[in-house]
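A.B. asks: Mind having a look at this structure? Questions to follow.
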Amino acid sequence: MKHKYLTPLDIPANRIGEYEIVHEVKPPGTKMMFGNMRTAFFGQKVKKSSVEYPFPTTWHQLTHHGGRLMSDWPIEQRQIDENLKGMRGSVLVGGLGLGYAATVLLQRRSVSRVTVVEIAPEVIELVKPFTKDPNKKLTVVHADVLDWFKSYKGEQFDHAFFDIWSSDGEGTFFETVCPLYDLSKGKVEHSPVNWNEDIMRGQLYHGLTSRMLFSKPGAFEHLKVKPPMMQPWEKIDGPWDTIFHNWAVPFFQWWKETQPNDELAGKAASYYASNYGKWNWTEYWDAWKDLFGQKESK
């Protein structure tokens, strides 16, 4: 009987420098979760909450300075599997990690080659020899994928999957995901996919809706203080003059000019947060405003 999400990896426990492969043994009946409160809050839905096995299971962790970078727990397998759906042809993978994404792709007949760009030589030494590649489709490049992209002049990839971060917060989105979108344009045919990007965009959406909620007229009168995001379309000199402020300026310019009702504002926030930073996102935003952005406004 095949048990879903048993790890396909078989990497020996080992340590090189500050990187280490750690084995974690779970006793029979241990519930392995497919999600948590945080992923659920930011919109990541799962059909089943957990899986358990009637026998002991061994899982891998990749750590750096003792901190976990990634694992092959079912929750991370599920997330990566969702990200890799439909990928075929030549695929670029940013970050080797435990080699799970590469392993999944190498098993597909529809995938002709997999190129992995990994910044840490220790990770390559720990993981690459144990990444199953029976058809010799795998190439691993030692480089920072952001720097590597800037000078890449080879054939265009069909797909790209990036997972070079362990934190899926807004800082990662602005500092790493957005630059990867910019750098991959013209070098990858289909829009790249980023690990837990939906979680990051969920945070963008909640950021927009909370600012709208607390920026209504009179909301701060009793505080006698102007909140920093009351007029985000204006130039602000100081700590708010950063991407954390600037990314939302086009949205709030529309919000100020249109004064939409709550339903339209919510739809707009969802669309804006779902597309910000992607290829040609400003064109998508302008098209949305032309089609829907003036309807049902107050």
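The values are calculated or read from the model by the stated rules, or taken from the named source; none is laboratory data. The model shown is predicted, which means the values in this text are computed figures rather than measured ones. Methodologically, a virtual Cβ is constructed for each residue, glycine included, from the backbone with ideal geometry; neighbour enumeration extends over all protein chains shown.
A.B. asks: Say whether the condition of being among the hydrophobic types (A, V, I, L, M, F, W, C) and at pLDDT 95 or above is met by at least one residue in segment 171-178.
C.D. replies: no
A.B. asks: From the list Ser184, Ser151, exactly one residue is under 16 Å from Gly277 (Cα atoms), of a type in the set (Ser, Thr, Tyr) and more than 10 Å from the chain's Cα centre (by Cα). Which is it?
C.D. replies: It is Ser184.
A.B. asks: Residues Asp168, Asp163, Asp198, Asp158: which one is buried (at least 16 other Cβ atoms within 10 Å of the Cβ) and modelled with pLDDT under 90?
C.D. replies: Result: Asp168 is the single residue among Asp168, Asp163, Asp198, Asp158 that is buried (at least 16 other Cβ atoms within 10 Å of the Cβ) and modelled with pLDDT under 90.
A.B. asks: Name the residue that is nearest to Thr282 (Cα to Cα), counting only residues in segment 259-271 that are free of Cβ contacts under 8 Å to residues at least 40 places away in the same chain and surrounded by 18 or more Cβ atoms within 10 Å (Cβ to Cβ).
C.D. replies: Ranking the qualifying residues of segment 259-271, first place goes to Tyr271.
A.B. asks: Considering every residue within segment 145-154, establish whether at least one is more than 20 Å from Thr282 (Cα to Cα), hydrophobic (A, V, I, L, M, F, W, C) and surrounded by fewer than 19 Cβ atoms within 10 Å (Cβ to Cβ).
C.D. replies: yes
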